[in-house]
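J.: Sharing a structure below in structure tokens format, with a few things to ask.
The values are calculated or read from the model by the stated rules, or taken from the named source; none is laboratory data. Please read all numbers here as calculations on a predicted model, not as lab measurements. Here the Cβ is made from the backbone with ideal geometry for all residues, glycine too, and neighbour counts use every protein chain on show.
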């Protein structure tokens, strides 16, 4: 604005000669010629000062002399207007001291007019007062316009700094922008610092302008700061110090001497982490609190965001989970190193590919349904790979749709490789099954020993019977020979009768079929136990398959029979179940734990022989298994802890608290089913297991549909 006003008055000065020099036509040529030269020189000088935007302090004297010469030449007539035009223009430059010199020059011009030209005091004094008033008004106008221009310049600096901070990609760039903007806040600003505050320590992390060699990187103690500075280190604080406080702060920060220092704290999330320090050669002409505080706040916000971005980048780059960012259409925009390693491809090979092409086609719908549901986000089992020539990698994946700052939607895909964990879990479950078999080994050996004993007894009887029958056959052969040779047939018949009587042939013929039948029954019983053990102890496959639950439950009951038969009878009521998509070994482990727990509960009740009832039925999409006992029941105060790991009601050393915890893990996590129980203290407990017939994927889909409804 001040520049526009100055240009306006300069224009008037340029136009003035067109009519202002007319008053010199009747003047003495000896004075008129110098006056014309003086007016031209004055115009040239004023134009040069306008271009420089500065006039020397002393120039008021020669300028006043030139204006006075023109006025005298015209007899203080029309050409005296040059004095007022010159005065109005020159009043827009310089400080207060120059205006006092200007007032003295004006007084001298009027005195010359009264003494040389003979201007009457009644005319000279009003002209002088008018000139002094013009000088004062234009000086105030210049000061106000200059202040407004400086304010606009600071706002422009802030706007430019804001754009620079937004465009900054590193903390160094952001600090350079901040330092440049700080030094532009006032003409007296000569040094700027950014100091971080970390606990009791101060660290100068950026410096610009006239700073000492020790300032950049300087580390000192916060306790050395002056009290005025410490009090200002709060969100929204600001202070301008001079004198002793400024000298003390300059000393602490190792800056060259400066009479004035401005400090604005830098805060993020309500906590001060640093301060912007501006050292000035003199007190500023304007109030800098608003602009410096705004600059400090913008810089603090940017530095905090860049720090967060840097930390986030570190986390993403070093994360063990695969992180993939894709556009709403599914085309990949970013992958972290873990994703490239997991998929066996470079990041460049993955960029631009379709996200869903990495996921097994059978798992895509489950991931999308989980992302679109209103349930809390939870990982979904999925198989991923990037190349056709490699095996699928088992993963727990999570898909979320997010809105970016520009309003577009993106897909964040997170995957964790669980193939090794699945392998270890499979081995662990197999080991737990073998451990269970080991605990039951003595009972199983007893179960096998009983049929083996009567098989052995019957085989020994058959051996003796065979020997006796061989003697009888020998007697019959002798009888046949006697008949054929016409020998002593009667003697041969008596021998046959004696052998038959001796070996008790009637007993042998009656007992041999029974012995054979019992032997076959014993062998069948042993084979049944062996088959059940083989089915129960088999590690199974990692992939689920369709299986007959009724058969698996029956095998489990056979394996656990020795633990059960002394305390309870087992009753089964198997319904008509379809083949269930499951890990059969897991289901066997579940049933073993439930049946053994039921037997222990009946034994703990100490009410004599009890009953364990196992029922199966088909309800909708689920196969339901009930295991009921007539044991002690579950007290209400421990009902919510029953499935907690390491919780047990048994005595120390007789229970690990892992049985029911493992059951819940196998049913819910591995199969997407549910397990619950009802219990009456003193009467017994019924555990109910519900398994989705079609597998865990179907169960998840049903839950998502229920949530949507």
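J.: For residue 394, which of the numbered conditions (1) out of contact with any helix residue (DSSP H, G or I) (no Cβ under 7 Å at 6 or more places or on another chain); (2) within 23 Å of residue 666 (Cβ to Cβ); (3) at pLDDT 85 or above fails to hold?
T.: It is condition (1) that residue 394 fails.
J.: Modelled with pLDDT of 75 or more and in the same structural domain as residue 629 (by TED's automatic domain parsing): does that describe residue 558? Step through it out loud before you land on a result.
T.: Details: modelled with pLDDT of 75 or more: yes; in the same structural domain as residue 629 (by TED's automatic domain parsing): yes.
Considered against the rule, which asks whether it is modelled with pLDDT of 75 or more and in the same structural domain as residue 629 (by TED's automatic domain parsing), residue 558 comes out as yes.
J.: Filter the strands (runs of 3 or more DSSP E) completely within segment 194-246 down to those with at least 2 residues that are under 37 Å from the mean Cα position of the chain (by Cα), assigned by TED's automatic domain parsing to the domain that holds residue 258 and under 24 Å from residue 270 (Cβ atoms). If you could, list the steps in order and put the result at the bottom.
T.: Values: elements: 201-209, 219-221, 239-242.
Ranges flagged: 201-209.
J.: Something else about it: Any idea how many residues of segment 374-408 are assigned to a strand (DSSP E or B) and surrounded by 13 or more Cβ atoms within 10 Å (Cβ to Cβ)? Walk me through it before giving the result.
T.: The first filter runs over segment 374-408 and keeps only residues assigned to a strand (DSSP E or B), leaving 380-384, 393-403.
Among the residues that remain, those that are also surrounded by 13 or more Cβ atoms within 10 Å (Cβ to Cβ) are: 380-384, 393-399.
Count: 12.
J.: Which count do you get for residues in segment 326-339 that are crowded, with 18+ Cβ neighbours inside 10 Å, in contact (Cβ under 8 Å) with a residue 40 or more places away in the chain and out of contact with any helix residue (DSSP H, G or I) (no Cβ under 6 Å at 6 or more places or on another chain)? Working first, answer last.
T.: Of all residues in segment 326-339, those crowded, with 18+ Cβ neighbours inside 10 Å come to 326, 332, 335-336, 338-339.
Filter once more, keeping what is in contact (Cβ under 8 Å) with a residue 40 or more places away in the chain: 326, 339.
From what's left, out of contact with any helix residue (DSSP H, G or I) (no Cβ under 6 Å at 6 or more places or on another chain): 339.
Total meeting the criteria: 1.
J.: Let me ask you something else. Take the residues in segment 413-458 that are at pLDDT 80 or above and surrounded by 14 or more Cβ atoms within 10 Å (Cβ to Cβ); name whichever of them is farthest from residue 563 (Cα to Cα). If you could, list the steps in order and put the result at the bottom.
T.: Start the filter on segment 413-458 by keeping residues that are at pLDDT 80 or above, which leaves 413-420.
Checking which are surrounded by 14 or more Cβ atoms within 10 Å (Cβ to Cβ) leaves us with 413-419.
Values: 413: 49, 414: 47, 415: 44, 416: 41, 417: 40, 418: 36, 419: 36 Å.
Among those that are at pLDDT 80 or above and surrounded by 14 or more Cβ atoms within 10 Å (Cβ to Cβ), it is 413.
Table: residues versus (1) in contact (Cβ under 8 Å) with a residue 40 or more places away in the chain; (2) touching a strand residue (DSSP E or B) at 6+ places or on another chain (Cβ under 9 Å); (3) on the phi > 0 side of the Ramachandran plot.
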residue: 373; (1), (2), (3): yes, no, no
residue: 380; (1), (2), (3): yes, yes, no
residue: 384; (1), (2), (3): yes, yes, no
residue: 388; (1), (2), (3): no, no, no
residue: 393; (1), (2), (3): yes, yes, no
residue: 398; (1), (2), (3): no, yes, no
residue: 402; (1), (2), (3): no, yes, no
residue: 408; (1), (2), (3): yes, yes, no
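J.: Restricting to segment 156-179, name every residue that is farther than 13 Å from residue 298 by Cβ and over 33 Å from the mean Cα position of the chain (by Cα).
T.: Residue satisfying the conditions is 156 alone.
J.: Could I ask something else about it? So is residue 631 at pLDDT 90 or above, more than 30 Å from residue 376 (Cα to Cα), in contact with a helix residue (DSSP H, G or I) (Cβ under 7 Å, 6 or more places away or on another chain) and buried (at least 18 other Cβ atoms within 10 Å of the Cβ) or not? If you could, list the steps in order and put the result at the bottom.
T.: Numbers: at pLDDT 90 or above: no; more than 30 Å from residue 376 (Cα to Cα): yes; in contact with a helix residue (DSSP H, G or I) (Cβ under 7 Å, 6 or more places away or on another chain): yes; buried (at least 18 other Cβ atoms within 10 Å of the Cβ): yes.
Judged against the criteria, residue 631 is not a match.
J.: I would also like to ask the following. Out of everything in segment 73-84 that is in a helix (DSSP H, G or I) and buried (at least 20 other Cβ atoms within 10 Å of the Cβ), what residue ends up being modelled with the lowest pLDDT? Break it down into steps so the answer makes sense when it comes.
T.: Kept after step one, since they are in a helix (DSSP H, G or I), are these residues of segment 73-84: 73, 78-84.
This time we only want the ones that are buried (at least 20 other Cβ atoms within 10 Å of the Cβ), so: 73, 79-80, 82-83.
Working: 73: 65, 79: 55, 80: 60, 82: 63, 83: 68.
Top of the filtered list is 79.
J.: Show the residue pairs that are 6+ apart or on different chains and have beta-carbon atoms under 9 Å apart, the first residue being within segment 346-362 and free of Cβ contacts under 8 Å to residues at least 12 places away in the same chain, the second being surrounded by fewer than 15 Cβ atoms within 10 Å (Cβ to Cβ) and outside any helix (DSSP H, G or I).
T.: 357/330
J.: Among 583, 618, which is buried (at least 20 other Cβ atoms within 10 Å of the Cβ) and touching a residue at least 12 places away in the same chain (Cβ under 8 Å)? Working first, answer last.
T.: Details: 618 fails: buried (at least 20 other Cβ atoms within 10 Å of the Cβ).
It is 583.
J.: Now for a separate question. Could you count how many residues in segment 287-319 are touching a helix residue (DSSP H, G or I) at 6+ places or on another chain (Cβ under 6 Å) and not in a helix (DSSP H, G or I)?
T.: 1
J.: Additional query: Could you list all residues from segment 209-236 that are crowded, with 18+ Cβ neighbours inside 10 Å and on the phi < 0 side of the Ramachandran plot? Steps first, please.
T.: The first filter runs over segment 209-236 and keeps only residues crowded, with 18+ Cβ neighbours inside 10 Å, leaving 209, 211, 215, 218, 225-226, 229, 232-233.
Answer for segment 209-236, where residues must be crowded, with 18+ Cβ neighbours inside 10 Å and on the phi < 0 side of the Ramachandran plot: 211, 215, 218, 225, 226, 229, 232, 233.
J.: Run down 340, 326 and say which single residue is in the same structural domain as residue 392 (by TED's automatic domain parsing), in contact with a strand residue (DSSP E or B) (Cβ under 6 Å, 6 or more places away or on another chain) and closer than 24 Å to residue 389 by Cβ.
T.: Numbers: 340 fails: in contact with a strand residue (DSSP E or B) (Cβ under 6 Å, 6 or more places away or on another chain).
The match here is 326.
J.: Looking only at segment 278-311, count how many residues are free of Cβ contacts under 8 Å to residues at least 24 places away in the same chain and either buried (at least 21 other Cβ atoms within 10 Å of the Cβ) or outside the structural domain of residue 189 (by TED's automatic domain parsing) (or both). Before the answer, list the steps.
T.: We begin by selecting, within segment 278-311, every residue free of Cβ contacts under 8 Å to residues at least 24 places away in the same chain; these are 287, 290, 305, 308-309, 311.
Subsequent filtering for residues that are either buried (at least 21 other Cβ atoms within 10 Å of the Cβ) or outside the structural domain of residue 189 (by TED's automatic domain parsing) (or both) retains none.
Adding up the residues that qualify gives 0.
J.: Output the residues belonging to segment 347-373 that are closer than 10 Å to residue 335 by Cβ, over 23 Å from the mean Cα position of the chain (by Cα) and in a loop (DSSP other than H, G, I, E, B).
T.: 353
J.: Next question, about the same structure. Within segment 109-155, can you find the residues that are surrounded by 12 or more Cβ atoms within 10 Å (Cβ to Cβ), without any contact (Cβ under 8 Å) to a residue 12 or more places away in the chain and under 30 Å from residue 184 (Cβ atoms)?
T.: 143, 144 - these are the residues of segment 109-155 that are surrounded by 12 or more Cβ atoms within 10 Å (Cβ to Cβ), without any contact (Cβ under 8 Å) to a residue 12 or more places away in the chain and under 30 Å from residue 184 (Cβ atoms).
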